[in-house]
């Protein structure tokens, strides 16, 4: 009887090696953190030039390092990056939630698409940063992001949709942009004045689908991506306002502008329910619900 021998092929060897977990020691983690900090933009935050993505996996690694090692340099890099994202146009200042990435270095002009996995991971990273710092501004980002998902991205069966488009009526970002006149028409005079100053809204605007267009001619109203040139606490201090009152006013502005925005044609929703992304989102809700004692 002949003896049949089998010989592993290169493909089988490769597949076998992929199934073997490799120990990642502390030294390798430290090298990864050092490499990220060497790429850190200490002016605008983030770990690359434009286009800038949130890169949540980087944030998770650095948050873990900040907690385990009590590393103040890592924490400061995180705070600058996540402050700039939350204050920038990449964050939906009216409806909550993050656009997919920033096309510029300042986190101002986003690609206006919104993805479920970004909301899930960024809600968790801001939650972790809040738990480290107890800074209320991070809690507000978490709550606003999760409220956006519950309000705008939930299916009837309670699954979560996968994405919303960037374009409306063939125009990038049209749903999200504002003019000075629209703010004045939507808000009472006091809140309109506050919103224009707070979000840096000008007649010229700060957005054009054609980056070569530049400022519009005098008399033509430009559109603005709402963004915060500084933090709310800095604005309150500079304008001698109580921070708690400013928070209340901002919430009222956001609620009013959200209702006004709902009269526009909204971006299309990609209603696929992706199991993995829903798992990520459910994890974010569970962790935030536990931390904030929030049943919803």
Residue 138 being out of contact with any helix residue (DSSP H, G or I) (no Cβ under 6 Å at 6 or more places or on another chain), at negative phi, crowded, with 20+ Cβ neighbours inside 10 Å and touching a residue at least 24 places away in the same chain (Cβ under 8 Å): no
Unique match (being under 18 Å from residue 44 (Cα atoms) and part of a helix (DSSP H, G or I)) among 108, 75, 61: 75
Condition check for residue 122: part of a helix (DSSP H, G or I), in contact (Cβ under 8 Å) with a residue 24 or more places away in the chain and more than 12 Å from the chain's Cα centre (by Cα): no
Residues of segment 41-53 being in contact (Cβ under 8 Å) with a residue 12 or more places away in the chain, surrounded by fewer than 23 Cβ atoms within 10 Å (Cβ to Cβ) and at negative phi, in sequence order, are 41, 42, 44, 47, 49, 50, 51, 53
Say whether the condition of being outside any helix (DSSP H, G or I), free of Cβ contacts under 8 Å to residues at least 60 places away in the same chain and either more than 22 Å from residue 115 (Cα to Cα) or in contact with a strand residue (DSSP E or B) (Cβ under 8 Å, 6 or more places away or on another chain) (or both) is met by at least one residue in segment 32-40. yes
Quick check on residue 287: is it in contact (Cβ under 8 Å) with a residue 60 or more places away in the chain, under 18 Å from residue 155 (Cβ atoms), surrounded by fewer than 18 Cβ atoms within 10 Å (Cβ to Cβ) and in the same structural domain as residue 130 (by TED's automatic domain parsing)? no
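The values are calculated or read from the model by the stated rules, or taken from the named source; none is laboratory data. What you see is a predicted model; the values in this text were computed from it and never measured. Counting neighbours? That spans all protein chains shown, and the Cβs are built from the backbone with ideal geometry, glycine included.
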